[in-house]
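Notes to accompany the following structure.
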Amino acid sequence: VRTGTLVKKYADLLRAEGFDVIEAGQREPGTDHAVGVVISHLIKWLANPADDYSRGVLEMSPLMAGLEKYGEHWGTRWDRVLRTIQKTGYARFVSTLVEPEWGRVARYGRRRAEDLIASLAEFDGTGEACPRAAADWVRDLKVNSSPGVAAIQVMTIHKSKGLGFDVVM
């Protein structure tokens, strides 16, 4: 396609029809699917408990049931979640929180959650525990995608120069 905006538009249309789509050779799991967006807002909220928008996203998400186990009030939840993360790490905490929802999450959403959990495991390995650093890590996450057997790659004409494909539309 001609522009990056059209890449996103056509990729979203194809995903809605159930196709496995890669945008411009990369994916941004924290922004390109609802599951990733919720996990991203969870980490943003941990970095800034006064972030009302992220808290609102969490309140409307299926993860809220898991967060309620950490206390009745947001301040208590935040404190207890951070203590849990200090013991187990971000990846294990998020994995445990998302696990009850696996049965309701489509393959594409699962892949986004798995991308974020794997990235958070890498972050845990750095020894950094600061929620703000974790939020920056997730915000900047881009995963290079090699196409699968049946994956559709949507990219700009400029990005496709010099690449060889069996089929181009």
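The values are calculated or read from the model by the stated rules, or taken from the named source; none is laboratory data. Here the structure is a predicted model, which means the values were calculated and not measured. Note that each Cβ is placed from the backbone with ideal geometry, even for glycine, and that neighbours are counted across all protein chains shown. Surface areas here come from the heavy atoms of the whole protein model, side chains and all, with no ligands, DNA or RNA. Shrake-Rupley method; radii C 1.70, N 1.55, O 1.52, S 1.80 Å.
Quick look at the values:
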read-out: In segment 88-110, the residues that are of a type in the set (S, T, N, Q) and open to solvent by less than 60 Å² (accessible area, probe 1.4 Å); value: T88, S95
read-out: Filter result (within 21 Å of W102 (Cα to Cα) and under 15 Å from the mean Cα position of the chain (by Cα)) within segment 13-34; value: R27, E28, P29, G30, T31, D32, H33, A34
read-out: Breaking point among (1) within 21 Å of A134 (Cα to Cα); (2) within 17 Å of the chain's Cα centre (by Cα); (3) surrounded by 19 or more Cβ atoms within 10 Å (Cβ to Cβ), for V37; value: (3)
read-out: Residue within segment 5-25 that is buried (at least 21 other Cβ atoms within 10 Å of the Cβ), touching a Phe, Trp or Tyr at 6+ places or on another chain (Cβ under 7 Å) and not in a helix (DSSP H, G or I) present; value: no
read-out: Subset of segment 40-94 (residues that are over 16 Å from R132 (Cβ atoms) and among the β-branched types (V, I, T)); value: V57, T76, T84, T88, V94
read-out: Residue match in segment 88-108 (condition: β-branched (V, I, T), touching a residue at least 60 places away in the same chain (Cβ under 8 Å), closer than 15 Å to I43 by Cβ and part of a helix (DSSP H, G or I)); value: yes
read-out: Residue ID - surrounded by the most Cβ atoms within 10 Å (Cβ to Cβ), chosen from residues in segment 144-169 that are in a strand (DSSP E or B) and at pLDDT 75 or above; value: V154
read-out: The one condition in (1) outside any helix (DSSP H, G or I); (2) modelled with pLDDT of 95 or more; (3) closer than 13 Å to V98 by Cβ that P62 fails to fulfil; value: (2)
read-out: Positions within segment 109-135 being more than 13 Å from the chain's Cα centre (by Cα) and either in a loop (DSSP other than H, G, I, E, B) or charged (D, E, K, R) (or both), in sequence order; value: E122, D124, T126, G127, E128, A129, C130, R132
read-out: Residues of segment 62-87 that turn out to be without any contact (Cβ under 8 Å) to a residue 40 or more places away in the chain and open to solvent by 30 Å² or more (accessible area, probe 1.4 Å), as a count; value: 15
read-out: Verdict on D32 being open to solvent by less than 60 Å² (accessible area, probe 1.4 Å), out of contact with any Phe, Trp or Tyr (no Cβ under 7 Å at 6 or more places or on another chain) and at pLDDT below 95; value: yes
read-out: Subset of segment 111-125 [open to solvent by 10 Å² or more (accessible area, probe 1.4 Å) and at pLDDT below 85]; value: R111
